[in-house]
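Colleague: My questions will all concern the structure given below.
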Amino acid sequence: MLSTLFAGTGTGTGPDPEIDAALETAGAVDEGLLHGFARIDDDRTAALAGLAGAFAGSPLREAVAEAVDKIAAGSVADDHLFALAAARIALFGSVHDALLARADAALGRPRADWRGEPGPAAAATHLLGGARSWLRELAITGWRGVDHDLVAAAGQAIEAALGDPELRRLAVLLDGLAAELRAGSPIATMDPVPVRRWADLWSRALLLAHDGGRAQRAAQAETVTGRLFVLGVDVHEHPTAVQVQVHGVLEAAGAPNRLVRASVSAAKVDTIVGPAIWRLLAGHPMLLTALAERRALDLTDMPLLAGGDLIWHDAQAKPGDPADPFTTARVHLGAALAPATPPLERHPSRIAEPVFVEDLSTVALDTTRLPACGPLTPEIVSAANACIGLLRWDDGAWTVQPLGVQVTVKKKQTGVHTADWALGPADAKLAKSAGEAVEVLRERAGRLLRK
């Protein structure tokens with residue numbers, strides 16, 4: 001049962017020396033990035049030696065050992081930093097696997113084996129040199145030495161990557177990291193520094209900048225035809241981009257019911273916030289209609305990657321019959337087959353398992369992730385008697401991020417979900433203001449283009 005995770009018993013979150021040791025070992029890279037690999041003292045040299053020792057029996061043994069020796073000697077090259085980033089990601093991957101195994105055991109959730117294969121390298125690898133150069137300068141300088149000039153140096157690499165669709169993931173990641181560094185500069189006076197978060201972003205970016213993210217793309221995607229029953233919607237947003245990620249259960253002939261995700265994204269500016277972001281996704285009317293009206297989606301030949309992600313094509317989906325997410329959760333969620341995790345997605349922060357909870361006193365609800373684009377608020381969550389959410393692990397503790405809740409209103413059960421405003425808020429004034437922000441910006445952009 002899910003409650004065992006939160007009770008700290010059995011498969012719960014009691015002290016775990018192996019997880020603590022893995023995170024401590026990865027901290028050698030984090031400390032190096034904080035102070036800069038150009039300034040390695042005896043303590044950090046010893047920590048890096050411990051990192052190399054942890055990989056003595058692995059395929060990364062030689063690469064990590066050489067990187068540690070060279071960096072300790074004052075030589076910092078791209079290959080050395082790449083080895084450290086790979087080692088760090090591998091350590092967090094092992095923590096991810098241990099935690100996900102606990103969650104599956106507590107939920108009684110079956111999970112598929114990984115069968116994906118790396119796709120081809122990006123064609124525009126010549127554009128990646130600028131990204132690697134900037135990431136190398138960050139590592140040599142360290143977060144404490146970052147200033148506005150170093151942050152600004154990322155601009156050319158970001159612009160080059162944005163120009164190629166294959167490198168869009170890297171571009172958005174670099175843009176987000178640069179924005180956070182810019183907001184904190186000069187970081188020498190910043191306290192506290194988000195050391196682990198920035199090290200996560202740097203490590204992922206460096207691997208993507210190595211070959212354009214070859215391992216992120218599956219060589220083959222199966223096509224599926226069936227019905228997608230929506231469980232809930234998670235919204236990822238920063239000032240220049242937004243992504244809406246739909247979690248659901250796929251019912252397809254000849255296959256077990258499967259947990260899947262479908263994501264759509266859009267570029268934005270920081271003035272577009274709240275309900276207005278749905279206007280940016282107007283190119284996906286079938287998806288938005290199904291979300292707002294709480295309907296299933298009939299899919300035809302929709303590509304599905306090995307990691308459980310649908311490559312969304314709105315023309316290959318139609319809103320179907322009404323399908324209440326709480327009915328879906330009660331009927332289908334328990335036995336649905338969970339997807340395997342792609343290799344580079346294996347990180348504790350990436351754990352986001354759909355769960356249905358009726359006894360909310362047994363779990364810790366995290367309302368800090370509630371998006372401003374929907375009606376779900378902390379106050380509504382506090383009055384809920386049931387919840388569909390995402391099971392997450394953050395900073396040593398399990399939490400549930402609500403995607404939808406049931407509340408009692410006038411003796412009737414009512415559902416409130418993050419995507420209820422996908423076609424606009426019910427309140428006319430709020431709907432008008434949400435549309436005006438996007439329309440004004442589009443009109444101004446049109447004037448500029450006409451000139």
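The values are calculated or read from the model by the stated rules, or taken from the named source; none is laboratory data. The model shown is predicted, which means the values in this text are computed figures rather than measured ones. Neighbour counts run over all protein chains shown; Cβ positions are idealised from the backbone, glycine included.
Colleague: Working carefully through the options A384, A397, find the one that is in contact with a Leu (Cβ under 8 Å, 6 or more places away or on another chain) and over 18 Å from Q245 (Cβ atoms).
Modeller: Matching residue, one of A384, A397: A384.
Table: residues versus (1) of a type in the set (G, A, S); (2) in a helix (DSSP H, G or I).
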| site | (1), (2) |
| --- | --- |
| R144 | no, yes |
| L167 | no, yes |
| L173 | no, yes |
| G176 | yes, yes |
| V193 | no, no |
| A199 | yes, yes |
| W202 | no, yes |
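Colleague: Taking the criterion of being modelled with pLDDT under 95 and in contact with a Leu (Cβ under 9 Å, 6 or more places away or on another chain), would at least one residue in segment 276-297 satisfy it?
Modeller: Scanning segment 276-297 turns up no residue that is modelled with pLDDT under 95 and in contact with a Leu (Cβ under 9 Å, 6 or more places away or on another chain).
Colleague: Considering only segment 172-193, state which residues are over 20 Å from L81 (Cβ atoms) and of a type outside the set (D, E).
Modeller: In the first step, residues of segment 172-193 are kept if they are over 20 Å from L81 (Cβ atoms); the result is 172, 175, 179, 182-186, 188-192.
Listed by number, the residues that qualify are V172, A179, R182, A183, G184, S185, P186, A188, T189, M190, P192.
Colleague: Then there is this: What are the pairs with Cβ atoms under 7 angstrom where one residue, in segment 300-315, is free of Cβ contacts under 8 Å to residues at least 24 places away in the same chain and in the same structural domain as R350 (by TED's automatic domain parsing) and the other, located anywhere, is of a type outside the set (K, R) and surrounded by 15 or more Cβ atoms within 10 Å (Cβ to Cβ)? Sequence gap at least six, or different chains.
Modeller: H313/M302
Colleague: Suppose the filter is surrounded by 15 or more Cβ atoms within 10 Å (Cβ to Cβ), under 30 Å from E358 (Cβ atoms) and at pLDDT 95 or above; does L100 pass it?
Modeller: yes
Colleague: Okay, next question. In the set R169, R136, R132, which member is over 20 Å from the mean Cα position of the chain (by Cα), over 19 Å from A26 (Cα atoms) and assigned by TED's automatic domain parsing to the domain that holds V29?
Modeller: Of the residues listed, the single one that is over 20 Å from the mean Cα position of the chain (by Cα), over 19 Å from A26 (Cα atoms) and assigned by TED's automatic domain parsing to the domain that holds V29 is R132.
Colleague: Continuing with the same structure: For the list (1) under 17 Å from R132 (Cα atoms); (2) surrounded by fewer than 16 Cβ atoms within 10 Å (Cβ to Cβ), I need the number of the one condition that D175 fails.
Modeller: The failed condition is (2).
Colleague: Got a number for residues in segment 1-39 being modelled with pLDDT of 90 or more and either in contact with a Pro (Cβ under 8 Å, 6 or more places away or on another chain) or not acidic (D, E) (or both)?
Modeller: Here is the first cut: in segment 1-39, the ones modelled with pLDDT of 90 or more are 19-38.
Then drop every residue that is not either in contact with a Pro (Cβ under 8 Å, 6 or more places away or on another chain) or not acidic (D, E) (or both), which leaves 19, 21-23, 25-29, 32-38.
Within segment 1-39, residues that are modelled with pLDDT of 90 or more and either in contact with a Pro (Cβ under 8 Å, 6 or more places away or on another chain) or not acidic (D, E) (or both) number 16.
Colleague: Do we find that T362 is among the β-branched types (V, I, T) and out of contact with any strand residue (DSSP E or B) (no Cβ under 9 Å at 6 or more places or on another chain) in this structure?
Modeller: It is true that T362 is among the β-branched types (V, I, T) and out of contact with any strand residue (DSSP E or B) (no Cβ under 9 Å at 6 or more places or on another chain).
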